[in-house]
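Nothing in this text is a laboratory measurement; each read-out follows from the coordinates by a stated rule. Bear in mind the structure is a predicted one, so any value in this text is a computation, not a measurement. With ideal geometry, Cβ positions are generated from the backbone for all residues, glycine too; neighbour counts draw on all protein chains shown.
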Amino acid sequence: MGISIGKVIKYCRNSMGLTQRELATDQISVRYIGKIENGTANITVDLLTYISRRLGTNLFIMYGKMNRYETVETYSVCQKISDAIGRHAIDEIRSFCKTYRNDPHFMDGMEKKVLKYAEAILLSSENKFEAAINVLEEAVGKSDNVEHGILIEKEDISSVECALILSHAVNLCRIGDTKSGTAELDKLYKIAKEKVDSGLAEIEGDMDFFLDITCSCLFNLYVFSEKSVLKETEELLETRRRRGSLHMVCELLLCKSALLMNEEKKEEAVKTYSTAKAIGIFFYSEEYFEEKADSILNIKSDHNLFKRT
């Protein structure tokens, strides 16, 4: 069970469009590369590091990710499903679910979790939130006769498990169980933030993903909880600034401006809103930004307070 290091090397080599001969050098022959990829030769840490440099890929990280899957083929399919989910390509997600729903390779392990997550995305898009929750709980093996609640049982969770838990928490909030949903969001936020702050997310090659999880958790805590997440939002915006990443920055700035207005820090709130708008209209039309600002600001504040300035 699990993908061997030789198959990981072959996958990465093929992904770069390289033949074994093109990968080979004076230090590593074509014949030896073939043996490594076929699992008939051992590989040292030094040699694995050398091949990593040749491929421009951290094979230690890739092995850690791919080893959780049954085969290279199922890993490749799961990557395509994850890509479709990231683009919110509903028709593609639906097609993947239809194709692999009864495939025995997707009945267990990480493959099952990815496919169930895709099915939950489809159900959520149809406003079938209760059904989505049931699918997500099935993905992590929660018994049907147990009431909905927090899925997190350990802190060492994979990126796929984080995505499942985030979706589960948001859907709990959508059906009115905000107590369980926000508790789950808060716990997931702390786990993801610890991975980011400790540098573990960087080591695992998942820094951007875990930053996105912290952003999503804070945004949904803003939407569904009564607590102020102003301090946490400011810290996360600073982290995003340092990394030069703009993903979700517009949304977080709008959250921050609403929270500042609530604290009667009008001047700072308006300034923050102006920054959000400058970033927003860089990516969207001004009309779409105004719609987004309405939906976000009006949860905690009043968009008209910003429009009159």
Backbone HN-Hα couplings from phi across the range 199-214 [Karplus 6.51/-1.76/1.60, Hz, Gly and Pro as x]: x, 5, 4, 5, 4, 7, x, 10, 4, 4, 4, 5, 5, 5, 5, 4
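Order by neighbour count: Leu123, Leu246, fewest other Cβ atoms within 10 Å first, most last. Could you put the intermediate results ahead of the total?
Numbers: Leu123 20, Leu246 12.
Least crowded to most crowded, the residues run Leu246, Leu123.
With charges set only on the Cβ (+1 for Lys and Arg, -1 for Asp and Glu), what does the dipole of the chain come to about its Cα centre, in debye to the nearest 20? Let's see the in-between values first.
Numbers: 42 positive and 49 negative charges, 176 e Å.
Dipole of the chain, to the nearest 20 debye: 840 debye.
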Radius, Kirkwood style, for the range 1-80 when every pair of distinct Cα atoms is counted (Å): 12.7
Spatial separation of Cα centroids for the range 1-61 and the range 238-270, in angstrom: 45
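Would you list Thr99, Thr275 from fewest to most Cβ contacts within 10 Å?
Values: Thr99 13, Thr275 17.
The order, fewest Cβ neighbours first, is Thr99, Thr275.
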Hull shadow area, averaged, the range 104-259 [alpha-carbon convex hull, nm²]: 9.7
Long-range HN-HN contacts of Tyr69 with modeled amide H, under 5 Å: Ile3
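Which value, to two decimals, describes the C-alpha radius of gyration of the chain once divided by 2.2 N^0.38 Å?
Details: Rg = 22.4 Å, N = 309, 2.2 N^0.38 = 19.4 Å.
Dividing the Cα Rg of the chain by 2.2 N^0.38 Å gives 1.15.
Can you give the FRET efficiency for Asp46 and Lys80, using 1/(1 + (r/R0)^6), R0 = 45 Å, r = Cβ-Cβ distance, to the nearest 0.05?
Step by step, r from the Cβ atoms, then E = 0.85.
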Backbone HN-Hα couplings from phi across the range 65-80 [Karplus 6.51/-1.76/1.60, Hz, Gly and Pro as x]: 7, 6, 5, 7, 9, 6, 9, 4, 5, 5, 4, 4, 5, 5, 5, 5
Per residue Cα convex hull volume in Å³ - calculated over the range 167-264: 92
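At 4 °C and 1.567 mPa s, grab the translational diffusion coefficient of the range 71-126 from Stokes-Einstein with a Kirkwood Rh over Cα pairs, rounded to a whole number in µm² per second. Could you put the intermediate results ahead of the total?
On the way: Rh = 11.0 Å.
The calculation lands on 118 µm²/s.
Would you list Asp108, Asp26, Asp156 from fewest to most Cβ contacts within 10 Å? Don't skip to the answer; put the middle values down first.
On the way: Asp108 12, Asp26 5, Asp156 8.
Ordered by Cβ neighbours within 10 Å, fewest first: Asp26, Asp156, Asp108.
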Folded to 0 to 90 degrees: helix 249-262 orientation relative to the chain principal axis, Cα: 30
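Can you figure out the FRET efficiency of Arg243 with Val30, using R₀ = 45 Å and their beta-carbon distance, to the nearest 0.05?
Numbers: r = 40 Å, r/R0 = 0.89.
It comes out at approximately 0.65.
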The range 268-276 - phi-based ³J(HN,Hα) in whole Hz, Karplus 6.51/-1.76/1.60, Gly and Pro as x: 5, 4, 5, 5, 5, 4, 4, 5, 4
Charge dipole (the range 232-309, unit charges on Cβ, about Cα centre) - positive-most of Ala258, His303, Thr233: Thr233
Charge tally in the Cβ shell below 10 Å around Glu22, where Lys, Arg are +1 and Asp, Glu are -1, Glu22 excluded: +3
